[in-house]
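In what follows, a structure is listed as structure tokens, so that the remarks can point back to it.
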Amino acid sequence: KNEVEQSPQNLTAQEGEFITINCSYSVGISALHWLQQHPGGGIVSLFMLSSGKKKHGRLIATINIQEKHSSLHITASHPRDSAVYICAVPESYNTDKLIFGTGTRLQVFP
Amino acid sequence: EAQVTQNPRYLITVTGKKLTVTCSQNMNHEYMSWYRQDPGLGLRQIYYSMNVEVTDKGDVPEGYKVSRKEKRNFPLILESPSPNQTSLYFCASSLSWYQPQHFGDGTRLSIL
């Protein structure tokens, strides 16, 4: 069964800083999700990726399938990026059941 | 507007009183899923459904039931709720599990 670890658990930054959040997992997978949970509780899907890199605005997600590791980068961070970022992977390669990391709480100060 | 609608948003009830949390999506998605979120434990999958009449257990299915009689609806049933089911619940849908998911706004359940 897959185990997911996110780091760091908490992160504070000044506006404009480059942010990196990491997600490691133990069992080979076919794809990985990155989610954002706003302070009000709503959850938004940011990325689903199975290889390489994806970019959306100031957000970049990368995955290294061989090393079982993914990173979420935020360039030119802004206070509105303050949220909890969560990665999710399937329990194993051929399953549809999802396992979640415990999240990284990011606070960006002006 | 594409959306996943959960009802109720908040509920306080007592142990043993059956309750249903409804979830409906208007995007013709095949994959639907229920999650619970608890402090320190993060999100955990309760049940998921790949399509009509196809459901499967997630990580924490004990004490819950689901059904998928229509594509758009995926209700979560607590037949005999207990205090350890006090939690924040999210429903989500997507075209498949490896597509981005759309989440409902959440249902906060308190079972006394």
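Structural remarks
- Averaged over A:85-96, number of beta-carbon atoms from partner chains that fall within 10 Å: 2
- Equivalent ellipsoid, chain A (semi-axes from 5 times Cα gyration tensor eigenvalues, Å): 24, 14, 12
- Straight-line cross-link partners of A:Lys1 among the lysines, defined as a Cα under 20 Å from its Cα and at least 8 positions apart when in the same chain: A:Lys68, A:Lys97, B:Lys57.
- Straight-line cross-link partners of B:Lys17 among the aspartates and glutamates, defined as a Cα under 16 Å from its Cα and at least 8 positions apart when in the same chain: B:Glu79.
All of the numbers you see were taken from the coordinates with simple rules; none came from a lab. Quantities reported herein were computed from a predicted structural model and do not represent experimental measurements. Note: ideal-geometry Cβ built from the backbone for every residue, glycine included; neighbour counts use all protein chains shown.
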